[in-house]
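Below is one structure, written out as structure tokens, with a few remarks after it.
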Amino acid sequence: MTRTPGDAAPPEQSFSLDHFIGLYEAKDDPWDNATKWSDQRKYSVAMASLPRERYRRCYEPGCAVGRLSVLLAGRCDEVLAADCVDEAVAQARATTAALPNVQVERALLPAELPDGAFDLIVIGDLLYYLSADDLRVMLDGTVARLEDGGDLLVVHFRDRENPGNYDGFNVHAVIAARPGLDRVIHHEDEWFVLDVFRKNSITGHCG
Ligand SMILES: C[S@@+](CC[C@H](N)C(=O)[O-])C[C@H]1O[C@@H](n2cnc3c(N)ncnc32)[C@H](O)[C@@H]1O
């Protein structure tokens, strides 16, 4: 399906905390992140797309059950993963229990972004749940926490079945339009779109 900028709108309100709590009450791993082949492949492509061999401090909001957190722990000195749902945080902590360099916290975004700076931020299948205002605040806060020269990897599902649905194509276009980020990798296939943006030191001080 051919998409064009502006062909879909973000949700008027961000998807609620109760919405996600309900998904975890209905099913331990609501998106089958631990078992679905498309997610295993997405995680492999994401890891292969990280430009640097090693990172110092990674932030991974919307970590869900922590499957990508485990992989990131192998490439990063520290990983701070976060999710708004207590059950997701509990599962991610269990999944990463043997990895002392992973910390998992409960945080509702964009209000509860962490302190400190990161040289890597990885956001998967999260941003299209946010309203336009929350997306702007989230991106301002994300870019502000990314060190100059740091990498922002974003990977989101592309919905080719439902024209007009706000999907990875749309959120990545919003990010690409921001000042201060240079796109260094773009991958697109029938399932997802992945971009790596590097914060440049000229205009990247947002938020
Ligand atoms: C589709 S899962 C993403 C899983 C994983 N990041 C991946 O790429 O496979 C979305 C996760 O984001 C969490 N989430 C959604 N909105 C959030 C928000 N505003 N703040 C924090 N976490 C949120 C949900 O609870 C859910 O666990």
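The values are calculated or read from the model by the stated rules, or taken from the named source; none is laboratory data. Predicted, not measured: the structure shown is a model, and the values here were computed from it. A quick note on method: Cβ atoms are made from the backbone with ideal geometry, for glycine too, and the neighbour counts reach across all protein chains shown.
Conditions tested, residue by residue: (1) buried (at least 21 other Cβ atoms within 10 Å of the Cβ); (2) part of a helix (DSSP H, G or I).
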| position | (1), (2) |
| --- | --- |
| I21 | no, yes |
| D29 | no, no |
| T35 | no, no |
| Q40 | no, yes |
| V45 | no, yes |
| R57 | no, no |
| E60 | yes, no |
| A64 | yes, no |
| L71 | no, yes |
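Meeting the requirement of 3 or more residues that are within 14 Å of the ligand (Cβ to nearest atom), within 18 Å of A46 (Cα to Cα) and of a type in the set (A, V, I, L, M), the strands (runs of 3 or more DSSP E) wholly within region 102-205 are 118-124, 146-157. Whether any residue in region 172-192 is buried (at least 21 other Cβ atoms within 10 Å of the Cβ), within 21 Å of S69 (Cα to Cα) and not hydrophobic (A, V, I, L, M, F, W, C) is what I want to check. Looking for residues that are buried (at least 21 other Cβ atoms within 10 Å of the Cβ), within 21 Å of S69 (Cα to Cα) and not hydrophobic (A, V, I, L, M, F, W, C), one finds none in region 172-192, hence no. Out of E87, E25, E60, one residue alone is closer than 22 Å to L135 by Cα and either at pLDDT 95 or above or within 11 Å of the ligand (Cβ to nearest atom) (or both). It is E60. Do you know which of the residues in region 65-87 that are of a type in the set (G, A, S) and over 15 Å from the mean Cα position of the chain (by Cα) is farthest from I123 (Cα to Cα)? Per the stated criteria, the residue is G74. Here the condition is being hydrophobic (A, V, I, L, M, F, W, C) and touching a helix residue (DSSP H, G or I) at 6+ places or on another chain (Cβ under 9 Å); of A97, A90, A132, it holds for A132 alone.
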